[in-house]
Amino acid sequence: MKKTEYKGAEAMYGVTITELIEKMNLKNILPDIDTDKVVLSHPDVNRPALQLAGFFDHFDRERVQIIGYVEQEYIKTLQRERKVEVYEKLLSSEIPCVLYSRGQMPDEDMQDLCAHYQVPCLVSEKSTSDLMAEVIRWLKVKLAPCISIHGVLVDVFGEGVLIMGESGIGKSEAALELIKRGHRLVTDDVVEIRKVSDETLVGSAPDITKHFIELRGIGIIDVKALFGVESVKDTQNIDMVIKLEDWDKDKEYDRLGLEDQYTEFLGNRVVCHNIPIRPGRNLAIIVESASVNYRQKKMGYNAAQELYNRVQANISKNSD
């Protein structure tokens, strides 16, 4: 099992509270607070139950603070002086925002102190568990480690295929042929790769080049305008990498596929195939075949292993 590793410039992206409000359809109780200036840098959330009880050791103050039904019911049991005291301590710790679930409204003391400390106060109609899951899922994607690489990403039979190779080797032309055969373009030239989990890499296009392909000798074409909305896609998991390279007659290429090769992005392994390029080779069919073969392997069938088993069975039969 061979592996190559790719290292690129890694970046972390911040998310403003304004983006959170728009994505989650939240009600902003204090619209005078400039939510564009409040930036989230952590993908997890926190329910400040212990903090409302006065325990602030190991407090995750950089997270979205979600107040659910249980926290709100506990707050109602507090004397006003005690309630204001814990509010003061919570809101003065530079938390990014307070988010109420189930349509619960913050009391006047909470609103006054949020205004004083310039902490956005938000309300969602969703249940607490659903709200937490949705916020975490979205933030993990938005705040995932990200690199930008040179390549083309296409959706082929539902598999995300990242085509890499030297400039001018034919990546964009192969993508265009795949689009004409009914597959979908995610991005050409620049691929932004985000690590959303230890198993999943998601590729997307920079906003400025989305849906465009550069073809040498022709120029820039708009895939969405030429082939329709069904020919493009905004994001796609990266399942396989195909590296195009010039044919080298002195190099030995894998002809069986018994041993998987991998490349690595942001610490995640992805199956990788090195494809030599010669005049007359139909790259689109090669990519389609590689995608279908990859799906077969995921479903438990390995054609190379099946051939090997047949050869071994035939040898054993002849030797008896």
The chain - accessible surface per residue (Å², probe 1.4 Å): 55 Å²
If each K or R counts +1 and each D or E counts -1, the residues other than Ala205 whose Cβ falls under 15 Å of its Cβ total -2
What percent do you get for the relative contact order of the chain when only Cα pairs under 8 Å and 6+ apart count? 17 percent
What order do you get for 127-134, 188-195 when each peptide is scored by the mean count of other beta carbon atoms within 10 Å, highest first? 188-195, 127-134
Can you tell which of Leu215, Ile285, Val70 lies farthest toward the positive end of the dipole of the chain, using +1 and -1 charges on the Cβ of basic and acidic side chains (Lys, Arg; Asp, Glu)? Ile285
Once label points are set 7 Å from the Cα along Cα→Cβ at both Asp260 and Phe55, what is their separation, rounded to one decimal in nm? 4.4 nm
Per-peptide average of other Cβ atoms within 10 Å, ordering 28-34, 157-163 highest first: 157-163, 28-34
Accessible surface of the chain [probe 1.4 Å, protein heavy atoms]: carbon and sulfur percent: 48 percent
Say R0 is 41 Å: what FRET efficiency, to the nearest 0.05, do Glu108 and Val190 get from their beta-carbon distance? 0.25
By the Cα gyration tensor axes a ≥ b ≥ c (a/c under 1.5 gives rounded; else a/b larger than b/c gives prolate, otherwise oblate), the shape of segment 140-283 is oblate
Relative contact order, percent, segment 127-279 [alpha-carbon distance under 8 Å, six or more residues apart]: 23 percent
Rounded, prolate or oblate, given the Cα gyration tensor of segment 252-319, with a/c below 1.5 counting as rounded? prolate
For Lys224, Lys76, give the ranking by accessible area with the largest first, probe 1.4 Å. Lys76, Lys224
Provide, as a two-decimal number, the C-alpha radius of gyration of segment 125-180 over 2.2 N^0.38 Å, N being how many residues it has. 1.75
Hey, could you get me the Stokes-Einstein D for the chain, Kirkwood radius over alpha-carbon pairs, 25 °C and 0.890 mPa s, rounded to whole µm² s⁻¹? 106 µm²/s
Alpha carbon convex hull of segment 220-270, volume per residue in cubic angstrom: 187 Å³
Just to confirm the number: angle between the C-alpha axis of helix 283-298 and the first principal axis of the chain, 0 to 90 degrees, nearest 10? 60 degrees
Lys, Arg +1 and Asp, Glu -1 on Cβ, resulting dipole of segment 107-265 about Cα centre, debye, nearest 20: 500 debye
With charges set only on the Cβ (+1 for Lys and Arg, -1 for Asp and Glu), what does the dipole of the chain come to about its Cα centre, in debye to the nearest 20? 1000 debye
Could you sort 144-153, 78-87, 227-236 so that the peptide with the highest average Cβ count within 10 Å comes first and the rest follow in order? 144-153, 227-236, 78-87
Given an 8 Å cut-off on Cα distances and at least 6 residues of separation, report the relative contact order of segment 115-209 as a percent. 27 percent
Kindly provide the chymotrypsin sites (Phe, Trp or Tyr not before Pro) of segment 235-317 that DSSP labels as loop, not H, G, I, E or B, and whose Cβ sees at most 16 other Cβ atoms within 10 Å. Trp247, Tyr253, Tyr301
Under the Karplus relation with 6.51, -1.76 and 1.60 and θ = phi - 60°, whole-Hz ³J(HN,Hα) for segment 80-93, x at Gly and Pro, equal 4, 4, 5, 4, 4, 4, 6, 4, 4, 5, 5, 7, 7, 8
Under the rule of -39500 (n - 2.57) per DSSP H run of 4 or more residues, summed and divided by the residues of the chain, what mean residue ellipticity at 222 nm is obtained, to the nearest 500 deg cm²/dmol? -10000 deg cm²/dmol
Report the full-extension gain for the segment Ser127 to Glu245: residue separation times 0.36 nm, less the Cα-Cα distance, to one decimal in nm. 37.2 nm
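The values are calculated or read from the model by the stated rules, or taken from the named source; none is laboratory data. Source: prediction; values computed, not measured. All Cβ positions, glycine included, derive from the backbone under ideal geometry; neighbour counts span all protein chains shown. Remember, those area values only see protein heavy atoms, side chains included, never the ligands or the DNA or RNA. Shrake-Rupley method; radii C 1.70, N 1.55, O 1.52, S 1.80 Å.
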